[in-house]
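What follows is a short report on a single structure.
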Amino acid sequence: MRIRKLLLWIFFVSSLSSIAQNKSSNKLPRPKLVVGLVVDQMRWDYLYRYYERYQQNGFKRLLNEGFSCENTFIDYVPTVTGIGHSTIYTGSVPAIHGIAGNDFIINATGKTVYCAGDSTVETVGSKSKSGKMSPRNLLANTIGDELKLATNFKSKVIGIALKDRGGILPAGHSADAAYWFDSGSGNWITSTYYMNDLPAWLKKFNEKKLPAKYLSEDWNTLYDIKTYTQSTKDDTPYEGLFDGQNTPTFPIKTSQMMSKGYDILRSTPYGSTFTLDLAKATIDNEYLGQGEFTDMLAISISPPDYVGHKFGVNAIETEDTYLRLDKDIAEFLTYLDAKVGKGNYTLFLSADHGAAHNVKFSNDNKLPSSNWSGSKVQREMNQALEDVFKVKDIVLSMMNAQVHFNYNVIKSNKLNEEAIRKVCVAYLKTQKEIAFVVDLDKVGDASVPEEIKRRIINGHNAHRSGGIQLILDPAVFSTGRTGTSHSAWNPYDSHIPLVWMGWGISQGRTNRQTNMTDISATLAALLRIQMPNGCIGYAINEVLKKDN
């Protein structure tokens, strides 16, 4: 009898073990955590321009252990932050996802809309209006939304960035949270779209007052300033000034610039460190990568964009920003190895756009370059239209290098829009700085190189874009006297880094052209979930290991 009971017990235990093994073997293999790291205004060549100065465990680790898509391009115009972050995570383009600029005009009303603005929600975490934001203007789903759908909303998806749009748009509609920076209070905040109160852990994080701590240290170069040989000297006419500065030189006394708030943090590499501080705290306190289902953290590193706009592509400030970011990334990867486990997470690094060289810098180095003024063109074009139609202000805006018509004026004066477009096109074709003028009602017939035409079509949203698209000559920019800007189709703005590392990722590189829209399609293939509902990209097969 005892032997019989013992045999029954052994059979019972072995059956449970077999069931557990079958259950384990039937579980679909996926990473514990997906991390998107989007560096705002990172030109592709920054991967290699400063390569010899990077340490082993930051950008170099990504390149050496991971897979680099060396010829990744933005496949629309204009190349700006709101669109870039939306496109990376939706795999779509403005024509479909509706984010037609950082700001865009609703043609039906003539109202200008901020890409993440939402007057129906309230700020959570401060008394400012900086939290009146949500993803409602985004018309398509993100890869995070699809991950939530695939796991019956058991996965966690969170977005983080100093810029509101950099945290909100990537995280998507069904995100558990998105957090962004409030310059007045120095706090990370959110909106009632996500929650009615900040989590207790984030309140404690805000109580540390890290912005004040970082800024009190001032900003000096990470290494001896004489070693910054990839940059111009530390005082040039190409660089802008912070308030209170007489020259754009180190050290930058950030400790003396906090009296009116913490906005200065955005324009220093400390802002990058601060962002990754929150990323670590979020992973710790939300237990990302610790559960049964894959989680996603979308991080945008905003400071390089602010630094670039103020100081330009060739400044020591820009080089130092990337050397410090390299150090921060190395520390973040080491943290992920310990917290989530090396080989248990998938990370990709990319950018929302690049940047042009400063016009004066180019001229001083015998490179053709000039500035273009949209406001001047708008004034002259409105005068030409008034001469013909006897009506003022028919052109409402030149935002995003597009002619936006004032449809309220056109309708109330019973004007012929096609006739207006013909006058505008005729005028614009006389402007020597403009390479192509495209009536977007007739873009299929436009005599424009196919690659540029494709980007124009992708960037045109019928309800939120202008009626005529301008393409400037390659050496013509819409920038200020100092610093840099972006928005063009040209490689300096549209050629972006795309590097993958971690679970399910092959080691290597490809020089085959890939596109920004391919990122979410590749993530969908990696996770074996549906692509976002507006995705037009394709999975980059070379990136993915064959045995996953």
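The values are calculated or read from the model by the stated rules, or taken from the named source; none is laboratory data. Remember, it's a predicted structure, so these values are computed and weren't measured experimentally. Ideal geometry is used to build each Cβ from the backbone, glycine not excepted, and the neighbour counts take in all protein chains shown.
The rows are residues; the columns are (1) without any contact (Cβ under 8 Å) to a residue 40 or more places away in the chain; (2) touching a helix residue (DSSP H, G or I) at 6+ places or on another chain (Cβ under 7 Å); (3) within 30 Å of N358 (Cβ to Cβ).
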site: G459; (1), (2), (3): no, yes, yes
site: L470; (1), (2), (3): no, yes, yes
site: R512; (1), (2), (3): no, no, no
site: A525; (1), (2), (3): yes, no, no
site: N541; (1), (2), (3): yes, no, no
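Helices (runs of 4 or more DSSP H) fully within the range 394-499 that include at least 2 residues being in the same structural domain as I83 (by TED's automatic domain parsing) and farther than 19 Å from T112 by Cβ: 491-494.
Quick check on Y51: is it more than 30 Å from N408 (Cβ to Cβ), free of Cβ contacts under 8 Å to residues at least 60 places away in the same chain and either surrounded by fewer than 23 Cβ atoms within 10 Å (Cβ to Cβ) or not assigned by TED's automatic domain parsing to the domain that holds E450 (or both)?
Against the criterion (more than 30 Å from N408 (Cβ to Cβ), free of Cβ contacts under 8 Å to residues at least 60 places away in the same chain and either surrounded by fewer than 23 Cβ atoms within 10 Å (Cβ to Cβ) or not assigned by TED's automatic domain parsing to the domain that holds E450 (or both)), Y51 qualifies.
Within the range 421-447, residues that are hydroxyl-bearing (S, T, Y) sit with their Cβ atoms under 7 Å from residues that are surrounded by 13 or more Cβ atoms within 10 Å (Cβ to Cβ) and part of a helix (DSSP H, G or I), at 6+ positions apart or across chains, in these pairs: Y427/M381; Y427/A384. Within the range 505-525, the set of residues being surrounded by 24 or more Cβ atoms within 10 Å (Cβ to Cβ) and either under 19 Å from K32 (Cα atoms) or of a type in the set (A, V, I, L, M) (or both) comprises M516, I519, S520, T522, L523. When restricted to residues that are within 18 Å of T81 (Cβ to Cβ), touching a strand residue (DSSP E or B) at 6+ places or on another chain (Cβ under 9 Å) and either assigned to a loop (DSSP other than H, G, I, E, B) or at pLDDT below 95 (or both), the range 500-531 contains 1.
Looking at G125, G110, just one residue is on the phi > 0 side of the Ramachandran plot, in contact with a Ser or Thr (Cβ under 8 Å, 6 or more places away or on another chain) and outside the structural domain of G466 (by TED's automatic domain parsing), and that residue is G125. Take the conditions of a type outside the set (G, A, S), within 16 Å of G131 (Cα to Cα), modelled with pLDDT of 95 or more and surrounded by 14 or more Cβ atoms within 10 Å (Cβ to Cβ) and apply them to T249. Does it pass? Spelling it out, it is not the case that T249 is of a type outside the set (G, A, S), within 16 Å of G131 (Cα to Cα), modelled with pLDDT of 95 or more and surrounded by 14 or more Cβ atoms within 10 Å (Cβ to Cβ).
Contact map, the range 243-264: residues that are of a type in the set (V, I, T) paired with residues that are surrounded by 21 or more Cβ atoms within 10 Å (Cβ to Cβ) and modelled with pLDDT under 95, Cβ distance under 8 Å, separation 6+ or inter-chain. Pairs shown: I264/M257. When the range 255-274 is limited to residues that are of a type in the set (D, E, K, R) and more than 13 Å from D305 (Cβ to Cβ), the one that is modelled with the highest pLDDT turns out to be D263. Are any residues in the range 212-226 touching a residue at least 24 places away in the same chain (Cβ under 8 Å), within 23 Å of Y48 (Cα to Cα) and not in a loop (DSSP other than H, G, I, E, B), and if so, which ones? Selection gives I225 alone.
Check S68, S130 and return the single one that is polar (S, T, N, Q), assigned by TED's automatic domain parsing to the domain that holds G159 and not in a strand (DSSP E or B).
Every option except S130 fails the conditions.
When F293, F311 are checked against the criterion of being touching a residue at least 40 places away in the same chain (Cβ under 8 Å), surrounded by fewer than 23 Cβ atoms within 10 Å (Cβ to Cβ), assigned by TED's automatic domain parsing to the domain that holds A355 and over 16 Å from W188 (Cα atoms), a single residue qualifies: F293. Here is the figure for the range 302-350: residues that are part of a helix (DSSP H, G or I) and among the hydroxyl-bearing types (S, T, Y) total 6.
I'd like the residue in the range 106-119 that is among the β-branched types (V, I, T) and more than 20 Å from A140 (Cβ to Cβ) and, out of all such residues, is nearest to the chain's Cα centre (by Cα).
T112
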